[in-house]
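One structure below.
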Amino acid sequence: MTDLSPASGHIAIPERVRERAVRLADALPAYVYDLTDLDRHSAAVRRALPGIELYYAVKANPDPALLHTLAPYADGFEVSSVGEVTHVRTVLPDARLALGGPGKTDAELGLDVHRVHVESPGELRRLIAVGGPVDALLRVNLDVPVEGASLTMGGGATPFGMDPDGVRECLELVRGQNRVRLRGIHAHLASGLHAPELLDLAKEVLAFGRELDATEICLGGGMAVSYRDPEERFDWEAYGQGLGYLRNRGETLRVEPGRALTAYCGWYLTRVLDVKRVHGEVFAVVTGGTHHLRTPVAKGHDQPFAVLPTGRPDTGVTDEPVTIVGQLCTPKDVLARRVVTSLNIGDTVAFGLAGAYAWTISHHDFLMHPKPGFHYLT
Ligand SMILES: *Cc1c(COP(=O)(O)O)cnc(C)c1O
């Protein structure tokens, strides 16, 4: 997975994040969220998608400051639990919510939200029984090839959404009742895709939806973030242009990205506690670890980082492959593996792309180390 080229595993740190990191050197580990960067990025994404509704998938990062920053650019928020509904309502009382996710309880189906994304005929039966009146989209899992994705939620047998048989069953169920109004379809088939691949999938989803006379089609999220090359960005302009061509008049098209909106604004800062050579391999042990930033373990990558020389010279290594590990007593606590770098004891290591699927997917209480601080650049 990791090659030994010097560039691999590294990320350029913006000056403002660097300054804050140096000031925080005695208060690490910490997360720093660059809200100015998030604001700029969200505005650019919004501009690239004229006429397309933009929802934010809250599970990527529900931090209230991030939600506030995103709110001016988001038409709504995709949520998946009573917890997320309550949280977003507290932070942004007027926000539109679309409730998705497999395994909704009756309590969740009874919530008053803008849209419910129905996952199965069984769920639709319960929604008709306990919910409504409510507007719903059917989550479809089409039999289409999904190539080049990092995770696939569709294009074959998965627990997400329903196949065309399930869709037909749902169309029967909604007939002759008025508690659930069917508005269209929803598809979130894969994640980690580039614009051309997502546009190909969009064509399939739109063709399927139009056969059902769907007036509203949600195309999901899944826009790629490259952890290998942090400079490589999803081409929002090409995607927006493509969707513009595909969209028919009178149709509502919606996307709901998570990772590609918030990943870039987050930084996880740690400090080097120890540098050691064991059986010829160099390890740097840092404060904190994957119980704060589980992303590299979850995705099987090296989290890209920058080293700030806040430590003591000549206590570490120069230009050598280094494996950066955390404080947990498990060999799985690896943040980056054999990345060529220079670092010393006391240096600050700033891991980038830590704004999505980072803190909230991590097992914070394992070994009971202190929690990181949270800081915001505005
Ligand atoms: C997680 C999720 C998203 C967001 O996916 P990203 O890869 O973060 O863009 C969107 N829609 C649904 C239904 C999801 O489960």
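Quick notes on this structure:
- Separation of the alpha carbons by more than 26 angstrom is noted, of K59/K371; K276/K332; K104/K332; K59/K276, for K104/K332; K59/K276.
- The trypsin sites (Lys or Arg not before Pro) of the stretch 287-378 that meet both conditions, a loop assignment by DSSP and at most 14 other Cβ atoms within 10 Å of the site Cβ, are K332.
- Helix-only [θ]222 nm of the chain, DSSP H runs n ≥ 4, -39500 (n - 2.57) each, per residue, nearest 500: -7500 deg cm²/dmol
- In loop segments of the stretch 102-168 as defined by DSSP, the GluC sites (Glu not before Pro) with at most 14 further C-beta atoms inside 10 Å of their C-beta are E147.
- Here the gap between D26 and E232, fully extended at 0.36 nm per residue and compared with their Cα-Cα distance, gives a gain of 70.9 nm.
- Cα convex hull, the stretch 302-342: 84 Å³ per residue, rounded to a whole number.
- Computed on the chain, with alpha-carbon pairs under 8 angstrom and 6+ residues apart, the relative contact order is 23 percent.
- Proximity of backbone amide H atoms, modeled 1.01 Å from N, is registered between V322 and R338, V339, V340, T341 at under 5 Å, excluding neighbours fewer than 5 places apart on the same chain.
- Residue-span extension gain [A65 to R125] - 0.36 nm each, minus C-alpha spacing: 17.9 nm
- For F305, the residues whose amide H sits under 5 Å from its own are H10, I11, G352, ignoring neighbours fewer than 5 places away on the same chain, with H placed 1.01 Å from N.
- Each part gets one Cα centre, and for the stretch 88-167 versus the stretch 189-229 those centres are 16 Å apart.
- Whole-percent pair-distance distribution, where bins are 5 Å wide, for the alpha carbons of the stretch 249-378: 2, 10, 20, 22, 18, 12, 6, 3, 2, 2, 2, 1, 0, 0
- Quick note on the stretch 210-325: its Rg to Rh ratio, both from C-alpha atoms and Rh being the Kirkwood radius, is 1.18.
- Diffusion coefficient of the chain by Stokes-Einstein, Kirkwood radius over Cα pairs, 4 °C, 1.567 mPa s: 59 µm²/s.
- Mean sequence separation of contacting Cα pairs (under 8 Å, at least six apart), scaled by the length of the stretch 317-378, corresponds to a relative contact order of 27 percent.
- Heavy-atom accessible surface of the chain: percent carbon and sulfur, 1.4 Å: 52
- Dividing the radius of gyration of the alpha carbons in the stretch 1-144 by their Kirkwood radius gives 1.09 for Rg/Rh.
- Checking every one of the GluC sites (Glu not before Pro) in the stretch 182-262 against DSSP loop status and a limit of 15 other Cβ atoms within 10 Å picks out E231, E232.
- Gain on full extension, evaluated as 0.36 nm per residue between R16 and T86 minus their Cα-Cα distance, stands at 21.9 nm.
- Cα-derived Rg to Rh of the stretch 96-257, Kirkwood definition: 0.98
- Separation of the D135 and E251 label points, Cα + 7 Å toward Cβ, nm: 1.8
- Evaluating 6.51 cos²θ - 1.76 cosθ + 1.60 at θ = phi - 60° for every residue in the stretch 304-319, the Karplus couplings come out as x, 9, 10, 9, 10, x, 9, x, 9, x, 6, 10, x, 10, 10, 6 Hz, glycine and proline recorded as x.
- Residues whose amide H lies under 5 Å from that of E78, counting only those 5 or more places away or on a different chain, are Y56, A57, V58, A98; hydrogens are built 1.01 Å from N in the peptide plane.
- Projecting label points 7 angstrom from Cα along Cα→Cβ for S342 and A44 puts them 3.0 nm apart.
The values are calculated or read from the model by the stated rules, or taken from the named source; none is laboratory data. Treat the numbers as computed from the prediction; the structure is a model and nothing was measured. Every residue, glycine among them, receives a Cβ derived from its backbone with ideal geometry; neighbour counts consider all protein chains shown. Side chains are part of the model used for accessible areas, which takes the heavy atoms of the whole protein and leaves out ligands, DNA and RNA. Shrake-Rupley method; radii C 1.70, N 1.55, O 1.52, S 1.80 Å.
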